[in-house]
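Scroll down for the structure; my scribbles are underneath it.
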Amino acid sequence: MTLKVGAIGTGGIFKAVHLPGWLTHKEVEIVAFCDPFRASAEALALEYPGTKVYEDYKELLADPSIDIVDISTPNLLHSEIAIAALQQGKHVFCEKPDAINPIEAQKMADAARASGKLLMVMRNNRFTESAKFAKRIIEQGQMGELYMGRCGWIRRRGIPGRGGWFTTKALSGGGPLIDLGVHMIDMAMWLSGNPKPVTVSGSTYRKFADRPDASGKIPEGTFDVEDLAAGFIRFDNGASLQIEFSWASNVEEEKKFLEWRGTEGGFSLVNDKLSLFTENEGTLINQQPYFKADEVPQHTANIHHFIECVLGREKPIITPEHGVDMIKILSAIYESAERGREIVL
């Protein structure tokens, strides 16, 4: 059986990390490209003769030959397109975040359940060798009870698409919290067994939007999202998680990090490098496992997992419910920052 894929959104993220995932699986064929900027879709179609080109995603969804829809559009459109695709009987793989608010995320989950089709949103950081190893030893009980965590992704200067949809809240849903936070908060929750969030508090800051660039000019375009967000999440199992995400801040260097402290051991992942902190015979031990380069790039591994799930050979480790919880957390952090108080979920 060959699964036929139609791609909606043919920009940089699709070409860089989605397309290789589809092309490297022998039971998949890309048959259509769709983009409101038709020239982008046409350029890809020239590279893959025989593929169809659409400007309107609804026309692609009406194609009965397509089994899977890949969504790589601005965040605002994720839920709209995903729901429509599921209702047309397509399986859906979508770039993160799931949606820009919890209502839309829940609608996506409900549509997936009603359709009986698979909905999966990109969570590529779960597929690194270091993350998979950490998951295994946690499930074996080597860390004991995980009770306190920290995660973040902080950039010194790294505002994406300034003045475009990334920095326009109506299209993106937010700044680094929704852009980078999805990755690290998801990993923290997945590694700790996907506990349910119960309360959230947070602060957001917008300090670099009006800073001049290297030429001394203030960049044009909309910038109405935060450039730094911080917060604190409590879970139903008693654990808690500190978070911090920034596109621009005066720090030494860019860093993404995750740590959990457990009763029997702890660990940290800093820029995907894993360190373990344990005790043996009354002696404190630090370990740094050595991993070869990922056999399959993490985004490709995520897409291959999705394909194997569609084919019934694997069980999804990423579910729509995970997405609903994630978007609830992000939305509550923004609400907490605006109201100045903790939000109960």
Exercise. Confirm whether Phe235 is without any contact (Cβ under 8 Å) to a residue 60 or more places away in the chain, of a type in the set (Phe, Trp, Tyr), crowded, with 18+ Cβ neighbours inside 10 Å and out of contact with any helix residue (DSSP H, G or I) (no Cβ under 7 Å at 6 or more places or on another chain).
Key: yes
Quiz item: If Ala32 passes every condition in (1) small (Gly, Ala, Ser); (2) touching an Asp or Glu at 6+ places or on another chain (Cβ under 9 Å); (3) exposed (fewer than 15 other Cβ atoms within 10 Å of the Cβ) but one, which one does it miss?
Solution: (3)
Quiz item: Among the residues of the range 83-92, is there at least one that is open to solvent by 50 Å² or more (accessible area, probe 1.4 Å), closer than 29 Å to Lys169 by Cβ and out of contact with any Gly (no Cβ under 7 Å at 6 or more places or on another chain)?
Solution: yes
Quiz item: Restricted to the range 331-345, and to residues that are more than 19 Å from Ala105 (Cα to Cα) and of a type outside the set (A, V, I, L, M), which residue is most open to solvent (accessible area, probe 1.4 Å)?
Solution: Glu338
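Only one of these is farther than 20 Å from Glu338 by Cα and more than 17 Å from the chain's Cα centre (by Cα): Lys256, Lys207, Lys196, Lys169. Name it.
Lys196
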Quiz item: Does any residue of the range 315-330 turn out to be more than 30 Å from Ile68 (Cβ to Cβ), touching a Cys at 6+ places or on another chain (Cβ under 9 Å) and open to solvent by 20 Å² or more (accessible area, probe 1.4 Å)?
Solution: no
Quiz prompt | Residues of the range 244-258 satisfying the condition of being under 14 Å from Val182 (Cα atoms) and either out of contact with any strand residue (DSSP E or B) (no Cβ under 9 Å at 6 or more places or on another chain) or open to solvent by 10 Å² or more (accessible area, probe 1.4 Å) (or both) | solution = Glu244, Lys256, Phe257
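The values are calculated or read from the model by the stated rules, or taken from the named source; none is laboratory data. Owing to the predicted nature of the structure, the values given are computational and were not obtained by experimental measurement. Ideal geometry is used to build each Cβ from the backbone, glycine not excepted, and the neighbour counts take in all protein chains shown. Note: areas computed on protein heavy atoms with side chains; ligands, DNA, RNA excluded. Shrake-Rupley method; radii C 1.70, N 1.55, O 1.52, S 1.80 Å.
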